[in-house]
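Q: This structure is in C-alpha cells; I'll ask about it shortly.
The values are calculated or read from the model by the stated rules, or taken from the named source; none is laboratory data. In this text the structure is predicted, and so the values were computed from the model without any measurement. A quick note on method: Cβ atoms are made from the backbone with ideal geometry, for glycine too, and the neighbour counts reach across all protein chains shown. Note: areas computed on protein heavy atoms with side chains; ligands, DNA, RNA excluded. Shrake-Rupley method; radii C 1.70, N 1.55, O 1.52, S 1.80 Å.
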Amino acid sequence: MTATKMGDAGHADPRVLPREQCVLRYALDHWADARGEQVYAVFEDGREWTYAEVHSRTVKLAAALASLGVAQGDHVAMWLPNGSDSMIAFFAINYLGAVYVPMNTAYKGRILEHVIENSDAEVIIAHGSLVSRLHDIALSRLKTVVIAGDGAAPEGLRQVAFAELAETTIPLPELERPIEPWHTQSIIYTSGTTGPSKGVLSSYLHMYTNPGPEAWPMVTGEDRFLVNMPMFHIGGMGLCFAMLARGGSIAMMENFSTATFWDVVARTRCTAIFLLGAMATFLLKEAPHPAERAHQVRFAFMVPLTGNHREVAERFGIDIYTIFNMTEVSTPIVSEANPPKAGTCGKARPGVDVRLVDGNDCEVPVGSVGEMIIRTERPWAMNHGYYKNPEATAAAWRNGWFHTGDAFRQDEDGYFYFVDRVKDAIRRRGENISSFEVEAEVIAHPDIQDAAAVGVPSEFSEDEVLVAVAPRPGASIDPADLITRLAERMPHFMVPRYVRILEELPKTPTAKVRKHILREEGVTGDTWDREAAGIRLRRERV
C-alpha cells in the first residue's frame with residue numbers, strides 16, 4: 001500500500017496544513033500505511049472495517065466511478081442513508097478529487113429538483129427506494145444513476161448497480177494535479193430563508209477545521225465517535241473525517257432510536273457521542289436501563305444545552321460539552337466540560353474572531369442582542385460561498401465577516417447565548433427548514449391565496465412548523481386535506497404541524513407579511529394541530 005505522492009505545496013503559510021493532514025485522499029493513504037490493521041469503522045450489524053479495508057474499498061470504488069467518467073473537480077450527488085455504502089461513497093468521491101454533494105433522503109418534488117439543478121451533478125449515487133422520486137421532476141444535467149439496491153432510473157439515464165460497481169477491479173487513474181487544502185470538498189445544501197436552499201461550498205481545510213483540534217480539543221485519536229446524524233449533514237460526514245484525520249474510529253448508526261441507543265453505544269464501544277435537539281430529553285424519559293451505564297462513553301456534545309444537562313451527565317455517567325456551529329462555519333463557539341451556565345453555547349475558541357453587531361455591523365454592548373458575525377485566522381477555514389449564488393455569498397460575507405443570521409448575547413464572562421434567528425429559517429428536530437420552501441408548496445394548493453410559515457416553540461426542543469393561510473375568495477380550507485397533499489410533495493420534517501386559517505395575513509404597508517406577529521401569537525385557540533388530529537408523520541424507511 002503506497003501513499004499518494006505529495007509534491008510541493010507551493011506556499012509558506014503555516015496556517016494552511018499539509019495535504020496529508022487535511023485532504024481526505026492523503027489522510028486515508030497515511031493512516032492505511034501507519035495503522036492498516038486498526039479498526040476505523042464499526043457498523044450496527046457487527047461488521048468492522050480496518051483502515052486497510054476502508055482504503056482498499058475506497059480506491060476500488062473511486063476507480064469504478066472514474067470509469068463512469070467522474071473526473072477531478074466534478075460534482076457527484078450522494079443520496080443514501082447512513083451505512084457502509086454512504087461512507088465509502090463519500091470517501092471515493094473525494095479520493096478522486098471530485099466534489100461530494102450529499103442530498104437529504106427526505107427530499108422529493110420541488111426541493112429535490114432544485115438541488116439537482118443547482119448542483120450540476122451528472123452522476124448520482126442513490127438508494128433504490130428513493131429513485132422513483134426522480135421520475136416526475138426535471139433532471140437537468142443528470143446522466144447516470146448508480147443504484148444501491150433495487151430500483152429503476154428514469155428513461156434516458158444510464159443505470160449502474162452500486163454493488164457491482166463497488167466490486168469492480170480496474171486501475172485507478174492518476175490525478176491530473178494534487179488535491180489541495182483549498183480545493184472544494186463538498187457542496188452541502190442548507191435551508192434558504194428568502195429563496196431556495198443554498199449549496200454551501202466547503203474546502204478540505206474547512207472540513208478539517210470544523211471538528212479539528214482547535215475546535216474540539218477533547219477528541220483524540222483513541223476515541224470512537226458515534227455517527228448518529230445523517231451523512232447528508234455536516235454532523236454526519238464531518239465526524240467521519242474528524243476521526244480519520246486523528247487516526248481514530250467511528251461507529252455508524254443508521255437512525256437515532258431512543259429504545260436502542262445505549263445498546264448500540266455499548267455494543268460498538270463508542271467513547272464519544274452527539275446528542276442533538278431533543279435526543280437527550282427523549283433518553284431521560286426512558287426507563288432506567290443497564291446499558292445506559294454499561295458503556296465506554298467519555299463525553300457527549302449536547303446541542304442545544306438545555307437546563308437538564310447536569311441530569312444527563314449524572315444519570316449516564318458522562319461529561320457534557322456544547323458548541324455553536326453551522327454548515328458554513330467551523331465551530332466558533334465551544335464550552336468546557338460540564339458548563340457552569342445553563343443555556344450557554346460556550347466561548348469563542350482560539351483562532352476565531354466573533355462579534356455581535358447591529359444591522360449596520362456596529363458592535364453592540366455586552367449583554368445586548370446582536371447578530372453573530374465571524375472570521376478565522378486560518379485561510380479557507382470557513383465556507384467560500386454559496387454555489388451559483390453570488391448575491392447570497394456577497395450578502396453573507398459583507399464587510400469581510402461571515403454573517404450567521406443568528407442573534408446572540410454575550411455576558412461579562414465571555415459566554416455566548418443563542419437568542420433567536422435573525423432569518424426566517426425554522427429548526428425542527430435537527431433539520432433546518434426554509435419558510436420560503438414550505439410556503440411555496442402551501443400556496444400551490446388551489447384554495448389558498450396567501451401563506452406564511454413560522455417556527456413556534458416545541459414541547460421537546462427547537463421549533464414546530466406553523467403555517468398561517470388565507471383562502472381564496474369564496475373558498476374554504478380543510479387542514480387535514482392540506483396536510484395530506486403536503487405530505488406527498490415535501491419531506492416529512494417540513495410538513496407543518498399547525499395550520500391557522502385567517503381571512504387575511506397581517507402585513508406591512510408594503511405588503512410584506514408581519515411574521516413576527518404570527519410568531520408572537522403562536523398556537524392560538526383557533527389553530528388546528530395535526531398531531532392532536534392523529535396525523536403523525538415519520539421519515540420513510542430507506
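Q: Name the single residue that is nearest to Ala27 (Cα to Cα) among those in region 89-130 being part of a helix (DSSP H, G or I), open to solvent by less than 10 Å² (accessible area, probe 1.4 Å) and of a type in the set (A, V, I, L, M, F, W, C).
A: So the residue we want is Phe91.
Q: Within region 183-209, count every residue that is at pLDDT 95 or above, open to solvent by 20 Å² or more (accessible area, probe 1.4 Å) and touching a His at 6+ places or on another chain (Cβ under 8 Å).
A: Number satisfying all stated conditions: 2.
Q: Right, next: List every residue pair whose Cβ atoms lie under 6 Å apart, where the two residues are 6 or more positions apart in sequence or sit on different chains, the first residue falls within region 258-284 and is more than 16 Å from Met229 (Cβ to Cβ), and the second residue, located anywhere, is part of a helix (DSSP H, G or I) and open to solvent by less than 20 Å² (accessible area, probe 1.4 Å).
A: The qualifying pairs are Trp262/Ala291; Trp262/Glu292; Asp263/Ala291; Ala266/Ala291.
Q: Are there any strands (runs of 3 or more DSSP E) wholly within region 412-451 with 2 or more residues that are closer than 28 Å to Glu488 by Cβ and in contact with a helix residue (DSSP H, G or I) (Cβ under 9 Å, 6 or more places away or on another chain), and if so which?
A: Details: elements: 416-421, 426-428, 431-433.
Filter on region 412-451 gives 426-428, 431-433.
Q: A follow-up question, please. What's the number of the condition Ala396 fails, among (1) among the aliphatic types (A, V, I, L, M); (2) open to solvent by less than 50 Å² (accessible area, probe 1.4 Å); (3) under 30 Å from Pro479 (Cα atoms); (4) out of contact with any helix residue (DSSP H, G or I) (no Cβ under 8 Å at 6 or more places or on another chain)?
A: With respect to (1) among the aliphatic types (A, V, I, L, M); (2) open to solvent by less than 50 Å² (accessible area, probe 1.4 Å); (3) under 30 Å from Pro479 (Cα atoms); (4) out of contact with any helix residue (DSSP H, G or I) (no Cβ under 8 Å at 6 or more places or on another chain), Ala396 is out only on (3).
Q: Here is a follow-up. Looking only at region 229-248, which residues are open to solvent by less than 10 Å² (accessible area, probe 1.4 Å) and either small (Gly, Ala, Ser) or outside any helix (DSSP H, G or I) (or both)?
A: Step one: of region 229-248, the residues open to solvent by less than 10 Å² (accessible area, probe 1.4 Å) are 231, 236-244, 247-248.
Correct list: Met231, Gly236, Gly238, Ala242, Gly247, Gly248.
Q: Would you mind stating whether Leu142 is modelled with pLDDT of 95 or more, more than 23 Å from Cys240 (Cβ to Cβ) and crowded, with 21+ Cβ neighbours inside 10 Å?
A: Details: modelled with pLDDT of 95 or more: yes; more than 23 Å from Cys240 (Cβ to Cβ): yes; crowded, with 21+ Cβ neighbours inside 10 Å: yes.
Yes: the conditions hold for Leu142.
Q: Considering only residues that are among the aliphatic types (A, V, I, L, M) and under 26 Å from the mean Cα position of the chain (by Cα), look in region 164-182 and name the one that is surrounded by the fewest Cβ atoms within 10 Å (Cβ to Cβ).
A: Going through the qualifying residues, I end up with Ala166.
Q: Out of everything in region 273-324 that is modelled with pLDDT under 90 and of a type in the set (D, E, K, R), what residue ends up being least open to solvent (accessible area, probe 1.4 Å)?
A: Glu286
Q: Of all the residues that make up region 301-335, how many are under 24 Å from the mean Cα position of the chain (by Cα) and assigned to a loop (DSSP other than H, G, I, E, B)?
A: The qualifying residues number 13.
Q: For the subset of region 346-393 comprising residues that are basic (Lys, Arg) and under 28 Å from Ile320 (Cα atoms), which member is least open to solvent (accessible area, probe 1.4 Å)?
A: Of the residues in region 346-393, the ones basic (Lys, Arg) are 347, 349, 355, 375, 378, 388.
Within this subset, residues satisfying the condition of being under 28 Å from Ile320 (Cα atoms) are 347, 349, 355, 375, 378.
Numbers: Lys347: 82, Arg349: 15, Arg355: 54, Arg375: 103, Arg378: 34 Å².
The residue in question is Arg349.
Q: Which of the residues belonging to region 485-510 are open to solvent by 80 Å² or more (accessible area, probe 1.4 Å) and either among the aliphatic types (A, V, I, L, M) or under 27 Å from Thr105 (Cβ atoms) (or both)?
A: Selection gives Arg485, Glu488, Arg489.
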